[in-house]
Structures are given as structure tokens and as C-alpha cells.
1. I need a count of the residues in region 167-204 that are in contact (Cβ under 8 Å) with a residue 60 or more places away in the chain and farther than 29 Å from residue 339 by Cβ.
2. Mind checking which residues of region 184-227 are in contact with a Leu (Cβ under 6 Å, 6 or more places away or on another chain) and not aliphatic (A, V, I, L, M)?
3. Considering only region 302-351, state which residues are β-branched (Val, Ile, Thr) and either crowded, with 17+ Cβ neighbours inside 10 Å or more than 16 Å from the ligand (Cβ to nearest atom) (or both).
4. Condition check: more than 23 Å from residue 140 (Cα to Cα) and in the same structural domain as residue 216 (by TED's automatic domain parsing). Does residue 326 satisfy that?
5. For residue 114, indicate whether it is of a type in the set (Lys, Arg) and under 22 Å from the mean Cα position of the chain (by Cα).
6. In the set 166, 99, which member is among the charged types (D, E, K, R), surrounded by fewer than 17 Cβ atoms within 10 Å (Cβ to Cβ) and away from the ligand (no atom under 14 Å from the Cβ)?
7. Out of 185, 145, which single residue is over 22 Å from residue 222 (Cα atoms) and within 16 Å of the ligand (Cβ to nearest atom)?
8. What is the one condition in (1) crowded, with 17+ Cβ neighbours inside 10 Å; (2) more than 16 Å from the ligand (Cβ to nearest atom); (3) among the acidic types (Asp, Glu) that residue 125 does not satisfy?
Amino acid sequence: MAGSSLRVVHLASLLALGFVLGSVDASQGDVDPHYRTCVKECQSTAIIGSNIISHCQSPENDSTPAGSSWYTQEPLYTQWKQLNCMTDCRYYCMMQREEERQSGGLSPVKYHGKWPFIRVSVFQEPLSTALSALNLLMHFTGWLSFFLLVNYRLPIRPQTKRTYYEYTGLWHIYAILSMNAWFWSSIFHTRDIDLTEKLDYSSAVALLGYSLILSLLRTFNVKDEATRVMFAAPILAFVTTHILYLNFYDLDYGWNMKVCIAMGAVQLLAWAIWAGVTHHPSRFKLWVVVFGGALAMLLEVYDFPPYKGYADAHSLWHASTIPLTYLWWSFIKDDAEFRTSTVVKKAKFVGGSQPEEEESAVEEINI
Ligand SMILES: [Zn+2]
């Protein structure tokens, strides 16, 4: 009991800290008055140092009346121009301030929640964009080989034509949510605007929440539909509320990070304990993914500024998940093979009838 009340106190303090952190919106770089003046001047004159910001040049820039409906506003391209004017000015002012700070012996600071990254073409954070795209590709190839394995290489239940592996559908959904999350991640790192940020955060939370459900279903060996719903419902309710909170109430970075770290930690723990107590033939792959994943999570916690303007902690985290994703899908495929052979063997052992009929009668080893 003492343990659970301690946990409640801990959760309450986490919540309180989340709200306190959430009220601090601005980063160190953008509260600097030099930076603010620079952005203001750049937006009105379209000139910063030797650069001319073409997006800021048009005279009708500030003609849009505030608070009017979308159909009475300027055409979309004018709004797009204004947005580009603002982001270009912020970028050049940030670079200017960082040069000044560097010559004064000061270390880099964040601007609007982000480190000062060097742009490449249209990409705001080229390394994170490329690595997100590679993660997407890794999930796609992993999913494809899983799909081919369960549908063509492993035996299929003769009557229902479904796979023997009980988690096939769940992994398909996992693959789709993963690819969706990495897609929005690469879009967000290309261009950080309100919409892309919310899509990225929401997709990442949805994936983390779903993979938490999946980890519990697999490690507790839940095959019955009703029990699966019982496991999934509270987590789904929480994740949905959290996504709605982020999108329509407050995109609170501190609180969101705590939620994500908590959901990540619980599933890593579930897999780690399971790998420790079962005799799964591929438990070593799981160990590597769990420990690699935990180490990678540290990169998200101990943030550091970009090396040479490109490689920050976050981009290294995206790099680390590439080999882990490969190993992860390799474990999933091993699990499908292992479960299939277990179910088929058990059914044969019980006596020549159809395996899917015998399956329920046989109390299987909970692996
Ligand atoms: Zn990212």
C-alpha cells in the first residue's frame, strides 16, 4: 500500500511539474531582445545583413485583418508568403545571433524550442529529416518481410485461412502506425509549423500508446478478444485524451515528454521482464532492442546542441532507432515462426485433428 501511495504522490508531482514547465513557452534564444528586434526589423525592411528576404518584400503583407474568417482573408499564397517571411527572418536572425554569441564565447541556445540548425535547401533539420525517412523505410521493409513470412512461408489455418500466429493483425496495425509516425516526423523536421508539429506529436503519441498495448498483450500472452479489449481500453482512452489535450488545449512539451517517457519505459520494462522469465528462442534480440531503446531514450532526455550545426541529440536518437528497428522486425518474425511451430506441434501432439480446434483445448506454455 505504501508503494502505491508513493506512486500517486510521485505522479501528482510529475503532473504539477508538467504544468509548471508548460507555462514556460519561450526558449532562451527567442527571449533575447537583440533577436526580437532583429526579427521585427527584418520583417518590416526585408533586409538582414547582406540577405534580402524576398518573402517579406510584398507591400500587401500586413493587410490581412486579424480575426476575420478564412473566406474574407487574403489568398492562401499571401499567408504562405507571410509565414515564409517570418520563418526566414527568424532563421537569419538566429544565425546572426549565434555568430555573435559564438564570438563572445557563449554556447548555443534554443530558439522557439529548437537548436540553431543549418538549413539545407527546404530542409530545416536535414539530418533528422533524412534519418526519419530511413526509419520509415526500415519499418516498410520489416513489415513487408513479416507479411511475406506469415502469409506465404508459414503454414496457414486450413479452415479459416488465417495465420497460426495470434498477433499478426496487431503487428500490421503497428507497422502502419510506425510508418505514419516516421512520415510525419520527416515532414516536421523538414518544415516546423504548427500543423506539422501537431501531426508529428500526435502520430508519435499514438504509436507509443499502441505499442504499449501491444507489448502488454504479447508479454501477458493475451489471445482472448474480450481480455484484449480490457487491456486496450484504458490505455486508448488515456492516449486519446492526451492527443486531444495537445491539439486543442495546450501543446505542453514538458508534460508530453513525461507521458512519452512513461509509456516508453513501461513497455521496455514489460519486454525486459518477459525476456528474462521466458525461454523465447529470440530473447537475446529482445534484450538488445530493450537496452538499445533505453540507451536511445537517454538521448531524448540529455539534449545537447547540434555538432557542426547538424547532429544534435534528437537526430542521433533517430539514427539509433534504424538498426534497432531492423532487429525489432527480425524479433517479430522469429516470434511469428516460433508461435506458429508451437501451435502446430501442440495440435499434432494432441491428436491428428485440425490444429485450430485443438488449440483452445490445449493449455499452451505461456511464451
Ligand atoms: Zn524527430
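1. Residues that pass the stated criteria total 6.
2. 184, 201, 210
3. Passing the criteria: 321, 325, 332, 340, 342, 343, 344, 350.
4. Spelling it out, it is not the case that residue 326 is more than 23 Å from residue 140 (Cα to Cα) and in the same structural domain as residue 216 (by TED's automatic domain parsing).
5. So residue 114 passes the test.
6. Just one listed residue meets the conditions, 99.
7. 185
8. The failed condition is (2).
The values are calculated or read from the model by the stated rules, or taken from the named source; none is laboratory data. Bear in mind that the values here come from a model prediction, so they are computed numbers and not experimental data. Positions of Cβ are generated from backbone atoms using ideal geometry, with glycine treated the same way; all protein chains shown enter the neighbour counts.
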